[in-house]
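Bear in mind that the values in this text are calculations on the coordinates, not laboratory data. Model, not experiment: these values are computed from the prediction. So basically every Cβ, Gly included, is an ideal-geometry build from the backbone, and we count neighbours across all protein chains shown.
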Ligand code: ZN
């Protein structure tokens, strides 16, 4: 039997090979087409039991199997898995595109929404139907027949272009390496990064020297710590021009970006919207592009004086202490690190030694236990790499959820950190597997692994990233919703989906929580209070500059998708946004958009603002824990945690995010907590 078709339990990573993909996905597509065909017939009544339930069941099998393939494509992005994924991608995309435009199904959903039965359904079920009716409209189901083939072509072409965009970026990242033979060029670079570079050089067959790459664990510390300016400049430039016309033509994302924008605009116009940004906001919490722009500009105005102060301070320090007359883009991280050390007398590297992997993971689990009353323990499951670990979450004696933890960076793994679902919670009414289906998640990071016998140690930023992804994981795993389509993160508005993840980040700044997950890698000593105080003092170091950078990305994305696409429009919009928002201008040859996967490949198109949007919500939610700490003595307050779980995590997408927020907080969201947390208004 094909292991991709085994839905009796966890994905069978010990048995699944690329050869299984085409037959398994092919047969699931055939099954789904047959089910859709049957349900489209007039004999099938538009009821929940006869219509929605069988459609959901068949769809779940396909999305589970295709989800496994997509996951393996992300963590083993080498020819066999890349080819297997790409071979089926057009057919899968085409199936979903057909499904989204199936008039018979659309008519049944509309009939169900207008039926007497609808009034008898529970709120989760009604929301499933409402979302489906909306999504059918957005998928082109209301389009006149003459326009449908073109609409379908656009969708398929976009899926290919977006995949190619990220493949080009990964290939361009891997194509570059900087080999250093002169040891003096290593000055300032942390020992573990140097050790990894030496190992990389040996792995590439060189008997001497050090090889640095553009992958995060090599690139970021190099830009931050390398004293050799020429080395920083070379690496910065290589990174900044990735996948652009300034590199190899076959990896140039420029034509892909132009075509993606043109097709998105055409798609939006076909559906009756003025532009893609309007279309993008329909299923989101934010009202309109104008409202989002006003939101971003409001925060930009508050951040600007702080950002200007940050830059003036960097320039002064660079000139006075580092003899740098001109502050270039490749100097920013390095000068910032030096200024931070000068002012707060600690380095990120020093802090990192206090965060060995095991203590961090234990600390994270303790937070989850104290907040939500669940316990976490190691479990066993086949995985895709020996470094992957597997855990279960229990409430008393009952299993709540399970997750894979894949922490380390690998060459064949896509960059960044992300949570993905393997299995989603739902209630199965009858037959085989009746009862509650236990959810399973993938948590993926790109942290440095153990080097030369030392345990992996994480920077504070990496600890925050881990908490962030775990927040997504908990949203998926702790849901109580019985309907698949609105369970966990399913059906949650795009711009509210980062609320639980960014919420979790806040705990990485609480002394009790933080100190409890530290033990120096050499001495075993916990984080000294003095060092923590410095970290806290440094927390909002350059927060004005960081905020403006985020606003710049959000506004660029929003305006790019709000206007009719023009040749050369990407560069023009970016220049305009930078003139409005940025206080520092990068070099003319910088090609940031060419690696902006979030909006060109990651589904954040006209949605990048949602990070800030959700930050407002998450900061305000965390403020409830700060308020309860005043009486409970700890932010890890079980009662407030219970309320957060009940009103936000447990309900998932079963009700509008704004309603959930109001239910938790007892009022409308306010930006005050975010501004206070980032030092832009006093406590
Ligand atoms: Zn996130």
Practice task
Could you work out how far apart the two model spin labels at residue 177 and residue 430 are, taking each label as a point 7 Å from the Cα in the direction of the beta carbon, and quote it in nm?
Solution key: 6.2
Exercise for the section: State the Cα centre-to-centre distance between the range 182-251 and the range 591-627 in whole Å. Expected result: 29
Handout entry: C-alpha long axis of helix 148-175 to longest principal axis of the chain, angle in °
Key = 30
Fill in the blank from the handout: Checked the range 294-368 with the C-alpha gyration tensor, a ≥ b ≥ c its square-rooted eigenvalues, rounded below a/c of 1.5, otherwise prolate if a/b is larger than b/c and oblate if not; verdict oblate
Fill in the blank from the handout: In degrees rounded to 10, the 0-90 angle between helix 610-632 Cα long axis and the longest Cα principal axis of the chain is 80
Exercise for the section: Please state, as a whole number in µm²/s, the translational diffusion coefficient that the Stokes-Einstein equation yields for the range 428-485 at 37 °C and 0.692 mPa s, with Rh defined as the Kirkwood radius across alpha carbon pairs. Expected result: 228
Completion exercise
Normalised per residue, the volume inside the convex hull of the alpha-carbon atoms of the range 74-189 in Å³ amounts to 179
Completion exercise
Of all C-alpha pairs within the range 204-352, those more than 25 angstrom apart amount in percent to 58
Exercise for the section: Using packing as a proxy for protection, rank 394-407, 195-208, 591-604 so that the peptide with the highest average count of other Cβ atoms within 10 Å comes first. Expected result: 591-604, 394-407, 195-208
Exercise for the section: For the range 358-486, give the share of DSSP beta bridges that are antiparallel, in percent and rounded to the nearest 5; count only bridges with both residues there. Expected result: 75
Handout entry: Distance cut-off 25 Å, percentage of C-alpha pairs in the range 171-283 lying past it
Key = 43
Exercise for the section: Neighbouring Cβ atoms within 10 Å as the yardstick, rank 520, 472 fewest first. Expected result: 520, 472
Exercise for the section: Report, in degrees rounded to the nearest 10, the 0 to 90 angle that the Cα long axis of helix 79-100 makes with the longest principal axis of the chain. Expected result: 50
Handout entry: Highest to lowest packing among 322-330, 426-434, scored as the average C-beta count within 10 Å
Key = 322-330, 426-434
Exercise for the section: Evaluate the distance, in nm, between pseudo-label points positioned 7 Å from the Cα of residue 274 and of residue 290 along their respective Cα→Cβ axes. Expected result: 0.7
Problem - Ratio of Rg to Rh over the range 176-242 (Cα coordinates, Kirkwood Rh, two decimals) - result: 0.92
Handout entry: Range of Cα positions in the range 3-142 per principal axis (Å), largest first
Key = 51, 31, 25
Practice task
Would you mind telling me the antiparallel percentage of the DSSP bridges in the chain, rounded to 5?
Solution key: 80
Problem - Percent of Cα pairs exceeding the 23 Å cut-off, where the set is the range 289-421 - result: 63
Exercise for the section: Give the Rg/Rh ratio for the range 358-486, taking Rg as the radius of gyration of the Cα atoms and Rh as the Kirkwood radius, to two decimals. Expected result: 0.99
Handout entry: Order by protection proxy (mean Cβ within 10 Å, highest first), peptides 648-660, 249-261
Key = 648-660, 249-261
Fill in the blank from the handout: For the chain the translational diffusion coefficient, Stokes-Einstein from a Kirkwood Rh over Cα pairs at 4 °C and viscosity 1.567 mPa s, in µm²/s, is roughly 49
